[in-house]
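Nothing in this text is a laboratory measurement; each read-out follows from the coordinates by a stated rule. Please read all numbers here as calculations on a predicted model, not as lab measurements. FYI the Cβ positions are ideal-geometry reconstructions off the backbone, even for glycines, and counts take in every protein chain you see.
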Amino acid sequence: MIHALVTGATDGIGLATAKELHQRGVTVLVHGRGEARARASAKSVGPGALPVWGDLASFQQVRALATQTEQALAGAPLDILLNNAGVFETERRESADGHELTMAVNHLAPFLLTSLLLPAVTRAPQGRVVNVSSIAHARGHLDLEDFDFRRDYEGYAAYAASKQANVLFTRALARRLGGTAVTTSALHPGVIGTKLLRKGFGAMSGGSLEQGAQTSVYCATAPELSKVSGRYYSDRQEAQPAPQARDEKLEERLWTLSEQRTA
């Protein structure tokens with residue numbers, strides 16, 4: 001039996017991804033910010049889907065989510081950790097731990113959750129960590145001296161920087177997992193008609209949610225990726241990330257900062 005945790009799976013691309021994985025016979029842990037929506041969404045995904053919940057804007061709740069996940073697995077491996085949840089904030093807000101909210105939810109939360117769940121992923125015959133990034137990463141400028149955007153804030157700049165962080169984290173994690181059976185990947189899901197697209201970019205239309213799920217599902221399940229790690233994908237094909245997302249020194253500096261921020 002294959003188990004997958006999909007974060008941000010109560011609507012949008014996350015819910016479509018959870019449903020597609022369920023149709024492929026995967027036991028899906030459906031994550032939502034709150035219990036009620038997580039339970040309702042798990043029911044909509046199908047029989048056997050398991051609800052888990054926690055607000056990714058709180059490190060305490062991220063840790064509780066990791067504990068819930070381990071309890072739901074009951075010793076079974078977590079074959080797929082799919083960090084899908086993301087936000088776009090038009091005004092600067094802070095997380096429960098005092099970090100700029102976009103960076104907290106889009107990067108620090110998956111960094112912490114992945115760290116906590118790696119023991120479960122490494123129990124799998126071939127574990128996968130899949131991080132949903134965006135083509136917006138190419139326009140990101142990750143300033144580690146102003147990681148929380150205290151000097152200047154602009155919603156798109158924070159979003160693009162957080163998506164660049166997803167790619168940098170994926171590559172740094174791949175190096176650390178070298179020699180294990182765990183692989184990592186980052187991806188652009190496409191321009192999809194989600195709430196985030198409307199809020200962040202003002203776009204009223206885009207591809208279907210099912211289309212948006214396809215590259216996530218590909219990275220999570222494709223047999224040909226079983227020994228490929230640290231790569232970036234778009235439209236179910238490998239793509240070249242932007243030069244600034246391939247800076248190994250920046251990857252390592254971000255890793256150190258992320259460890260410090262998440263304690």
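What to note about this one:
- Every helix of 4 or more DSSP H residues in the chain counts as -39500 (n - 2.57), and over all residues that averages to -13500 deg cm²/dmol at 222 nm.
- Shape category assigned to the stretch 1-82 from the gyration tensor of Cα positions, a/c cut at 1.5: oblate
- The dipole here belongs to the stretch 3-262: it is taken about the Cα centre, uses +1 on the Cβ of Lys and Arg and -1 on the Cβ of Asp and Glu, and is about 520 debye.
- Each residue in Leu21, Leu82 was given a count of other beta-carbon atoms within 10 angstrom of its own, and listing them fewest first yields Leu21, Leu82.
- Under the Debye formula (equal points on every Cα, no solvent term), log10 I(q)/I(0) of the stretch 1-43 at q = 0.15, 0.16, 0.23, 0.33 Å⁻¹: -0.28, -0.32, -0.65, -1.18
- GNM result for the chain, Cα springs below 10 Å: residue of Gly34, Gly75, Gly190 fluctuating most strongly: Gly75
- Exposure proxy shown here: for Leu113, Leu173, the number of other Cβ atoms within 10 Å sets the order, fewest to most, as Leu173, Leu113.
- If R0 equals 35 Å, the separation of the Cβ atoms of Asp97 and Gln237 corresponds to a calculated FRET efficiency of about 0.40.
- Of every Cα-Cα pair in the stretch 3-262, the percent that sits beyond 22 Å: 50
- Evaluating 6.51 cos²θ - 1.76 cosθ + 1.60 at θ = phi - 60° for every residue in the stretch 256-262, the Karplus couplings come out as 4, 4, 5, 4, 5, 5, 8 Hz, glycine and proline recorded as x.
- Once both labels are positioned 7 Å from their Cα atoms along Cα-to-Cβ, the gap between Glu145 and Arg176 label points is 2.6 nm.
- Taking the fewest neighbouring Cβ atoms within 10 Å as the starting point, the ordered list for Trp255, Trp53 is Trp255, Trp53.
- Unit charges on C-beta of K, R, D, E only; dipole of the stretch 112-181, Debye: 480
- Ordering Ser134, Asn84, Ala124 by Cα displacement along the dipole of the stretch 80-170 toward the positive end leaves Ala124 in first place; charges were set at the Cβ atoms of Lys, Arg (+1) and Asp, Glu (-1).
- Remark on Tyr233: its backbone amide H falls under 5 Å from those of Ala186, Leu187, His188, Ala239, a criterion applied only to residues 5 or more positions apart or on other chains, H modelled at 1.01 Å from N.
- Derived scalar couplings between HN and Hα for the stretch 231-238 equal 9, 10, 10, 8, 6, 6, 9, 5 Hz in order, rounded to whole Hz, by the Karplus curve 6.51 cos²θ - 1.76 cosθ + 1.60 (θ = phi - 60°), x for Gly and Pro.
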